[in-house]
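Working notes, beginning with the structure itself.
The values are calculated or read from the model by the stated rules, or taken from the named source; none is laboratory data. Model, not experiment: these values are computed from the prediction. Glycine also receives a Cβ, built like all others from the backbone with ideal geometry; neighbour counts cover every protein chain displayed. The accessibility values were calculated without ligands, DNA or RNA, using every heavy atom of the protein model including side chains. Shrake-Rupley method; radii C 1.70, N 1.55, O 1.52, S 1.80 Å.
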Amino acid sequence: MTGPPRIVVLAGGVGGSRFVLGVRAALRARGIHDTAAALTVVVNTGDDLWLSGVRLQPDVDSITYALAGVNDTERGWGRSGDSERVNHELQEWGAGWPWFTLGDLDLGTHLARTGWLREGLTPTQVIERMSRRWPLGVRLVPMTDVEVDTIVVLEDGTRLHFQEWWTRHRATLAPAGFDNPGIERARPAPGVTEAIAEADVVLLAPSNPVVSIGPILAVPGVRDALRSTPAAVVGVSPIIGGKVVRGMADVCLTAIGVETSAAAVAAHYGARAGDGLLDAWLIAEEDDALAAEVAGRGIRSLVAPLWMTDAARSAALAEAALGAAGV
Ligand code: FO1
C-alpha cells in the first residue's frame, strides 16, 4: 500500500458518529491531513422522514454535526445550544409530531436540504453541499439516493415508521420484524460500491446491526461489493458484556431472532469465508470468553477496549480496527 489507506466505514447515528470521529482522529494522529481523501463514510438513510414539509436525515445529520463539532453530546442528536421556538409554534398549529422535537438550528438544516432537493439536487449532492460549510474531514455519502423508509412491523400487523416507534413509543412495542419497502429497487448512491471495491479496509461501525447497518446492507449491490472487495472487512461489536451501549439494538435483535451478544451479532453478519461479510470482528474485553466461538465461525476475533467514552478511546478503537486489517 502506498499513500494513505483508503477506508470505508458503514455507519448509523450515534455509535456511528463516535466511531467515525475516532477514525478521523486516528488518521490525523498518523499525520494524514487530507483525511477526506482517505475516509468514505456510507451512512444509513432508512431513518429519514418527511415531517412538516421538510426532509429529515437523522443519521446523516448526527454524523455531520459530530464531525463539525456542533452536535448536542448530551442528547446524542441535534445541535448543541439549540432552541425550540419554531417547534412550539408547530405544536400550536398541530403540525408535525407532538413527541418529536425539531430544534430551531436543526430546522435550518432541514429547510436548506429540502430547498435543494426541491431544486433537483440528489441527496448525495445535498450532503456534498452541506459538507462545504463545515469541512468534515470525511467523504460522507448516503447509502442510496432513493427514499427508503425503515418500517417496524408489530405482532398485530401494525406498521410504524421507525422514528415513531423509537421516539414516541421508546421501542416498548414488541416488533415482529422490520421492512424497507421498495429497497429492492434502490441503487447504491454514486461512489458507494466503487469506494468499497477500491478500499484497503471496510469497517462496520458499532451501530445497530438491524436498523442502521441492516438497511445499508439491504441496498442491492452493497452486499456483493463487500463480499468481492479485496479489502479486509472488519466489524466492531455494538454489544458489550451482553448489553447495548445505548439505543434499542437489543429489541431489534430479539425481533429478528438474534441473541444480544457479541458472538451472535458476528454470526448474524457471518464470515466472508462462508456466505457472510466479516473477515474480523472486534469484541470487548468483557466478552473475551466469546472469542473462540467467533473464531469457530471462521471470523478472526480480536479483543479490544470498545467503550468510546471520549475522543482518545474512540481513536484507539479505530486504530485497533485498522490494525486488524493490517492497515
Ligand atoms: N430522538 C428522540 O428521542 N426524540 C426526538 O424528538 C428526536 C428528534 C430528532 C430530530 C432530528 C433528528 O435528526 C433526530 C432526532 N432524534 C430524536 C434522534 C433520532 O430519532 C434517532 O436517535 C436516530 O434516528 C437513530 O439513529
### Query
With Cβ to Cβ distances under 13 Å as the rule, what net charge do the other residues near Gly235 carry (K, R +1; D, E -1)?
+2
#### Entry: Derived scalar couplings ³J(HN,Hα) [the stretch 259-267; Karplus, 6.51 cos²θ - 1.76 cosθ + 1.60; whole Hz; x for Gly, Pro]
5, 7, 8, 4, 6, 5, 5, 4, 5
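Using r as the Cβ-Cβ distance of Arg168 and Thr2, and R0 as 56 Å, what FRET efficiency do you calculate, to the nearest 0.05?
Numbers: r = 51 Å, r/R0 = 0.92.
Step by step, r from the Cβ atoms, then E = 0.65.
With the cut-off at 1.5 for a/c, could you classify the stretch 252-294 from its C-alpha gyration tensor as rounded, prolate or oblate?
On the way: a/c = 2.29, a/b = 1.02, b/c = 2.25.
Oblate shape, in that a/c is at least 1.5 and b/c is the bigger or equal ratio.
Where does each of 92-98, 193-199, 223-229 land if you order them by average Cβ count within 10 Å, highest first?
Details: 92-98: 11.7, 193-199: 19.1, 223-229: 16.6.
Ranked from most to least packed, the peptides come out as 193-199, 223-229, 92-98.
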### Query
If you take the C-alpha gyration tensor of the chain, multiply each eigenvalue by 5 and take the square root, what semi-axes do you get, largest first, in whole Å?
30, 23, 19
#### Entry: Note, ³J(HN,Hα) from phi for the stretch 198-203, Karplus 6.51, -1.76, 1.60, rounded to Hz, x at Gly and Pro
9, 6, 8, 8, 10, 10
### Query
When the label point is put 7 Å from the Cα of Asp224 along its Cα-to-beta-carbon vector, which residues of the stretch 183-204 have a backbone N closer than 16 Å?
184-198
### Query
Val153 label point, 7 Å along Cα→Cβ, cut-off 20 Å on backbone N: hits in the stretch 167-201?
171-186
## Note on the structure
Taking max minus min of the Cα coordinates of the stretch 105-187 on each principal axis, largest first, gives extents in Å of 45, 31, 26
## Note on the structure
Surrounding charge for Ala263, neighbours by C-beta under 13 angstrom, Lys/Arg +1, Asp/Glu -1, total -4
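For every other residue with a beta carbon closer than 13 angstrom to the beta carbon of Ala315, add +1 if it is Lys or Arg and -1 if Asp or Glu, then tell me the sum. Each step should come with its number before you reach the end.
Numbers: positive: Arg18, Arg24, Arg28, Arg30, Arg313; negative: Asp310, Glu319.
Its environment carries a net charge of +3.
Roll a 1.4 Å probe over the protein chains and send me the accessible area per residue for the chain in Å². Can you show the working numbers first?
On the way: 13750 Å² over 327 residues.
Per residue, the chain has an accessible area of 42 Å².
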### Query
Amide H neighbours of Arg139 under 5 Å, counting only residues 5+ apart in sequence or on other chains, H built in-plane at 1.01 Å?
Leu39, Thr40, Val41
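With each run of n ≥ 4 DSSP H residues scored as -39500 (n - 2.57), what mean residue ellipticity at 222 nm is computed for the chain after dividing by its residue count and rounding to the nearest 500 deg cm²/dmol? Working shown, then result.
On the way: 13 runs with 121 residues, N = 327.
About -10500 deg cm²/dmol.
Is the stretch 39-103 rounded, prolate or oblate when judged by the Cα gyration tensor, a ≥ b ≥ c being the square roots of its eigenvalues, rounded requiring a/c under 1.5 and prolate requiring a/b larger than b/c?
Details: a/c = 3.02, a/b = 1.53, b/c = 1.97.
It comes out oblate by the Cα gyration axes.
When a/c is below 1.5 the answer is rounded, else prolate if a/b is larger than b/c, else oblate, so apply that to the stretch 152-301 with a ≥ b ≥ c taken from the square roots of the Cα gyration tensor eigenvalues. List each step's numbers first, then the result.
Values: a/c = 2.15, a/b = 1.18, b/c = 1.82.
Oblate is the answer for the stretch 152-301, as a/c is 1.5 or above yet b/c matches or exceeds a/b.
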